[in-house]
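The values are calculated or read from the model by the stated rules, or taken from the named source; none is laboratory data. Quantities reported herein were computed from a predicted structural model and do not represent experimental measurements. No Cβ is skipped: glycine too gets one built from the backbone with ideal geometry, and neighbour counts run over all protein chains shown. Quick note on the areas: whole protein, heavy atoms, side chains included, nothing else; ligands and nucleic acids left out. Shrake-Rupley method; radii C 1.70, N 1.55, O 1.52, S 1.80 Å.
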Amino acid sequence: MVNSVRVPEIRKKLLFTAAMLALYRLGAYIPAPGIDTNTVNSIAKNFAGSNVLGFLNLFSGGSLSRFAVFALGIMPYITASIILQLLQVVVPSLEKLRKEGEVGQQKITQYTRYLTVGLAFFQSIGYVFLFRTFASQTGPGHDIIKGGFTFAHVFVIVLALTSGTVLLMWFGELITQRGIGNGISLMIFASIISRIPHGVQAWWTNPDQVFKVMMPIIALAVIAGVVFIQEGQRRIPVQYAKRVVGRRMAGGGSTYLPLRVNMAGVIPVIFAASLMAFPPTIGQLVQKGWAKDFANFLNPNGTAYIIGESLLIIVFTYFYTAVTFNPVEQADNLKKYGGFIPGVRPGRPTAEFLDRILARLTFPGALYLAAIAALPTILINQTSANFFFGGTSILIVVGVALNTMKQLEAQLMMRNYEGFLK
């Protein structure tokens, strides 16, 4: 950390990232215009605990229970990203854009932003009516809007919440471009971290003594497991042939190609959690009998949710591994620069060899991620104890921290500094 502060460029990036996250947390305490804060505080209990609203409130850093301008958090943007990523597989025009490189990616990003605005707008309307329903249950005449439930007041609130999501989307992109780490992941990281004091309080005041002893052990075991799987890699030996450049002999030597067990990082976990939270959210917003039953069926601590999230983590791990690492492109680069894997012919055989190794690495890595996300929740259910953080939250926090540290380490190594690990 001392080395990173000494470098002016890295220091500016760290300060910029901290400033953006501070603005994000500030917006979590600014209520939407026209909201009756006393009424909102009286219904905040609906957003606590282990239901889907409590899960969404955790991901928004408590903004949802306060009905703040950042109540939606960054979840609409993540949902829009998932939809666009999946559409690229089935829509030929989007697949063509993806293959066009940076220009095509910019167009897809633009579509993602438009879809984010639409999702945030309709989700804001749903939350306004959901909060009004909760307010009416507290007593007759109670409403969340001070000036009355009129079209103008509702429109202003919806506009404020939608604008808050767009602002967060911009914050995330600015952090990615001008700061350290992935902006979207860091904002989710900050949201979960901000709830740590509440989680510690819930753990300390829990009457179950077994839970008090077991929970820190589970948390440490999950952290150790995440670090183990994130740092695990298979090193493929690569030999470079010697070449004659002018009158000198250049090149030669051997190195290795590191293939990580989990090359997709923490993105599959974030996407799986977002996708699994979407159907129960719709169920809560509809406020019908069948919708409530469906929302309870996909409760974050329920068996259906755990199985669904685990399957989605496995699917998204394979999907993002295929996106981030192209065996054919890697084999062509090795061939272009005179490199080869001992015992494997250059070109297509090398691509098939890398693809086979990657498939064997990704499967246990995906299973391990799914197990880490599900195991703490299963154990907590067995103890009937309520805790703020499950395996998914810890997985995201540790994964984002590791990725951010690696980016900071890379920045230091580029400037010939020793870095964190000697």
Here the range 226-235 yields Karplus 3J(HN,Hα) values (6.51, -1.76, 1.60; θ = phi - 60°; whole Hz; Gly and Pro given as x) of 5, 4, 4, 6, 6, 8, x, 8, 10, 9
For 228, 319, give the ranking by accessible area with the largest first, probe 1.4 Å. 228, 319
Take the Cβ-Cβ distance between residue 16 and residue 200 as r, set R0 to 35 Å, and report the resulting FRET efficiency rounded to the nearest 0.05. 0.75
How much of the DSSP beta bridge set in the chain is antiparallel, as a percent to the nearest 5? 100 percent
Pseudo-spin-label distance residue 234 to residue 178, built 7 Å along Cα→Cβ, given in nm, is 4.2 nm
If you project the alpha carbons of the chain onto the principal axes, what extent comes out on each, in Å, largest first? 91, 50, 47
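Given R₀ = 35 Å, what would the calculated FRET efficiency be for residue 315 paired with residue 38, taking r from the Cβ atoms and rounding to 0.05? Please report the intermediate quantities before stating the final value.
Values: r = 44 Å, r/R0 = 1.27.
With a Förster radius of 35 Å, E is 0.20.
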Simple spin-label estimate for residue 256 and residue 405 in nanometres, 7 Å along Cα-Cβ: 2.0 nm
Identify which of 217, 313, 43 has the largest mean-square fluctuation in a Gaussian network model of the chain, with springs joining Cα atoms closer than 10 Å. 217
Pick from 100, 231, 352: which is most flexible by mean-square fluctuation in a GNM of the chain where alpha carbon atoms under 10 Å apart are linked? 100
For the range 92-246, calculate the relative contact order in percent as a whole number, restricting contacts to Cα pairs under 8 Å that are 6 or more residues apart. 12 percent
Can you tell me, using C-alpha contacts under 8 Å and at least 6 residues apart, the relative contact order of the chain as a whole percent? 19 percent
Alpha-carbon spread of the range 1-148, three principal axes, descending order, Å: 58, 49, 31
Of the convex hull drawn through the C-alpha atoms of the range 76-188, the volume per residue in Å³ is 135 Å³
How large is ³J(HN,Hα), in whole Hz, for each residue of the range 15-30 in order, when computed from phi with the Karplus curve 6.51 cos²θ - 1.76 cosθ + 1.60 and θ = phi - 60°, using x for Gly and Pro? 5, 5, 4, 5, 5, 5, 5, 5, 5, 4, 6, 5, x, 6, 10, 9
Given R₀ = 35 Å, FRET efficiency for residue 352-residue 114 by Cβ-Cβ distance, to 0.05? 0.35
Give the long-range amide H neighbours of residue 236: residues separated by 5 or more places, or on another chain, with amide H under 5 Å away, using H modelled in the peptide plane at 1.01 Å from N. 257, 259
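Taking 0.36 nm per residue of sequence separation and subtracting the Cα-Cα distance, how much length would be gained by fully extending the chain between residue 83 and residue 155, in nm to one decimal? Show your work: numbers first, answer last.
Numbers: separation 72, 0.36 × 72 = 25.92 nm, distance 2.64 nm.
Extra length available between residue 83 and residue 155 comes to 23.3 nm.
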Label-point separation, residue 136 to residue 333 (7 Å along Cα→Cβ), nm: 5.8 nm
Can you give me the long-range amide H partners of residue 347? Hydrogens built in the peptide plane at 1.01 Å from N, cutoff under 5 Å, separation of 5 or more residues or another chain. 335
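With +1 assigned to the C-beta of every Lys and Arg and -1 to the C-beta of every Asp and Glu, and no other charges, what is the dipole magnitude of the range 154-303 about the Cα centre in debye, to the nearest 20?
Details: 12 positive and 4 negative charges, 202 e Å.
I would put it at about 960 debye.
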Could you give the dipole magnitude of the range 284-359 about its Cα centre, charging the beta-carbon of Lys and Arg +1 and that of Asp and Glu -1, in debye to the nearest 20? 140 debye
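Can you tell me the dipole magnitude for the range 95-240 around its Cα centre, using point charges on the Cβ only (Lys, Arg +1; Asp, Glu -1), in Debye to the nearest 20?
On the way: 12 positive and 7 negative charges, 48 e Å.
Dipole size: approximately 240 debye.
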Residues in the range 332-348 reached by a label modelled at residue 241 [backbone nitrogen below 11 Å; 7 Å Cα→Cβ]: 335-340, 346
Calculated from backbone phi, Karplus (6.51, -1.76, 1.60) coupling profile of the range 261-269 in Hz, x at Gly/Pro: 5, 10, 7, 7, x, 9, 4, x, 5
Considering the options 266, 325, 40, tell which one lies farthest towards the positive end of the dipole of the chain, charges being +1 on Lys and Arg and -1 on Asp and Glu at the Cβ, about the Cα centre. 325
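Which whole-number value in Å² is the accessible area per residue of the chain, probe 1.4 Å? Walk me through the intermediate numbers first.
Working: 21210 Å² over 422 residues.
For the chain, the per-residue accessible area is 50 Å².
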